[in-house]
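First the structure, in the form of structure tokens, and then the observations on it.
The values are calculated or read from the model by the stated rules, or taken from the named source; none is laboratory data. Keep in mind the model is a prediction, meaning the values are calculated, not measured. Note that we place each Cβ from the backbone using ideal geometry, even for glycine, and neighbour counts take in every protein chain shown.
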Amino acid sequence: MRDAVIVGAGLAGLSAAWRLRHWDTLVLESGDRVGGRIRSEKRGPYFLNWGGHVFAGADTSTASLLAETGVSSVRVPGSLKGVAMNGKLLLNGRIETYPARIPMSTAARLALVRTGAKVGLDVLRYARAVALRPGETSGARQQRIYDFENDRSFADYVGDLPDDTEALFRPTVTRSAADPHELSAGAGIGYFSLVWNIGQGLDRSIVGGPSVLTESVAASVRDRIRLGASVQEIVHRRGSVVVRYTQDGADHEVEARTVVLATPAPVSHRVGVDLPADVREALSKIVYGPYVSAAFLTNETARRPWDDAYGIATPKRSFNVVLNMANVARGAETHRRPGGSLMTFSPAGLARTLIDRSDDEILDVYTRDLDRVLPGSADAIAEAHVQRWHTGAPFCFPGRGRLQPVLTRPAERVFLAGDYLGTLYTETAISSGFTAASDAAGVLATERQIRPRIHDVPVAPGAATS
Ligand SMILES: Cc1cc2nc3c(=O)[nH]c(=O)nc-3n(C[C@H](O)[C@H](O)[C@H](O)COP(=O)(O)OP(=O)(O)OC[C@H]3O[C@@H](n4cnc5c(N)ncnc54)[C@H](O)[C@@H]3O)c2cc1C
């Protein structure tokens, strides 16, 4: 019997595997690589990226994992506040000046100023409401974040807006993978807080690309990871848990004292057949939105106007943001190296219109839009690849806060982990993996203390031993 089986080798599962590495563990991953929604590939001084890209900074679980595994991160040097809309590319300046600088009708401009002021005030209110209070647990704080303006959608909160005004708000809100009518008002406000207050949320890049982190963790437990192992069912027995999975067309079974279930909520709901009914119900209510993303390696030889920008929102395009993945490498440059790396991504409704199209069709649409947003970029594309994410990200919908107490209730042997347990994506994945590992280690340590007493009973002379 194994001490722990970890199901899923995304960031949550790998974080749990890392913290449980001194126990007898097995990691079962259905895909043909580790990392889940983290995926990057090195290309010379740059990396291509398709998934999570900015990570949490000091005093977080992410910082602990990086320090423990010796993986480096740097603060993203460029701004996340670029905007390309109605033929104008704004890469710097104060965000309050944007309404005057983007071409649009007077009515749209006035609505933008009015709604911008309303959201701005609520971002301050949000920052006060979600700040960690003395003596408070991170769980209590997380509950408050979920509960902030959790009774209506972001679309209801802003009301009807002129098209250009709505278009300008949309890219920030939809990065959550939800459209404005799906996302809670509080989560939408939280997104503006994340983007406007870069430095307080997710603002660090992994040196060499995000997969350096997941592959480094995986390397430390390499011999215990089974790829292509798709878990079908997890069943409790008295004092253990049985995990049934398929690999290479054959059925397998492994028994463990504990399980860390680090799959997306719909999978956890499906395979956790005898989890408590209210936990299964809560898992079934978690909603994910889709993403389509693409990575572009470019071969320009001279400086680009957007070299100093990291994120550029792109309202009214097939993707809602362009991310300049080379920006991080630029920060350490003494002279402008040739080439670059861009990422585009389309969440929610934008993803739904693309996800069933062929790669060539998606790249065609993306390349045309990329060239409109960053003129001249299409001619410099040396390599381009698409990725579809059907469960792109779990989002906070109105009422989501009510599920949290059930999902985070102490468990006996099967511990949940994954980004759906909180609101900070990679940071939530890592911290929930750590928590699940610590809960599992608690069970293992307690049982280890009990077990030797049973085995320590002296063996009678002549009795058979095994
Ligand atoms: C395009 C995009 C951009 C993003 N940008 C950011 C960002 O900038 N910052 C940020 O913090 N977050 C970002 N995120 C979100 C971030 O990537 C995720 O929150 C995080 O990687 C989730 O990790 P996880 O381990 O919870 O889930 P996952 O990465 O989904 O891992 C779950 C694993 O379980 C495996 N699995 C599924 N079913 C089974 C089964 N039956 N048996 C065995 N294994 C199974 C899957 O293959 C997967 O490897 C982004 C995501 C996307 C898609």
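In summary, A380 fulfils each of the numbered conditions (1) at pLDDT 95 or above; (2) under 19 Å from the mean Cα position of the chain (by Cα) with the single exception of condition (2). The condition of being at pLDDT 95 or above, assigned to a strand (DSSP E or B), closer than 19 Å to A178 by Cα and touching a strand residue (DSSP E or B) at 6+ places or on another chain (Cβ under 6 Å) holds for only one of V242, V292, that being V292.
Filtered by the rule that a residue be part of a loop (DSSP other than H, G, I, E, B), under 27 Å from W50 (Cα atoms) and more than 9 Å from the ligand (Cβ to nearest atom), the stretch 245-289 gives I286, V287. Within the stretch 165-182, being away from the ligand (no atom under 15 Å from the Cβ) and assigned to a loop (DSSP other than H, G, I, E, B) holds for D179, P180, H181, E182. Within the stretch 90-134, restricting attention to residues that are among the hydrophobic types (A, V, I, L, M, F, W, C), in a helix (DSSP H, G or I) and touching a residue at least 60 places away in the same chain (Cβ under 8 Å), the residue that is surrounded by the most Cβ atoms within 10 Å (Cβ to Cβ) is V119. Note on the stretch 21-72: among residues that are of a type in the set (S, T, N, Q) and over 16 Å from S431 (Cβ atoms), the one that is nearest to the ligand (Cβ to nearest atom) is S30. D356 satisfies every condition listed in (1) under 30 Å from S153 (Cβ atoms); (2) more than 12 Å from the ligand (Cβ to nearest atom); (3) not assigned by TED's automatic domain parsing to the domain that holds F296 except (3). Any residue at all in the stretch 206-224 that's near the ligand (Cβ under 9 Å from one of its atoms), within 30 Å of E412 (Cα to Cα), in a helix (DSSP H, G or I) and within 21 Å of the chain's Cα centre (by Cα)? The answer is yes, given that some residue of the stretch 206-224 is near the ligand (Cβ under 9 Å from one of its atoms), within 30 Å of E412 (Cα to Cα), in a helix (DSSP H, G or I) and within 21 Å of the chain's Cα centre (by Cα).
Yes/no per residue for (1) closer than 30 Å to R39 by Cβ; (2) crowded, with 21+ Cβ neighbours inside 10 Å:
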position: E136; (1), (2): no, no
position: F154; (1), (2): yes, yes
position: G159; (1), (2): no, no
position: F169; (1), (2): yes, yes
position: S184; (1), (2): yes, yes
position: P210; (1), (2): yes, yes
position: S230; (1), (2): yes, no
position: E233; (1), (2): yes, no
position: R237; (1), (2): no, no
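All conditions but one from (1) buried (at least 21 other Cβ atoms within 10 Å of the Cβ); (2) free of Cβ contacts under 8 Å to residues at least 12 places away in the same chain apply to T298; the one that does not is (2).
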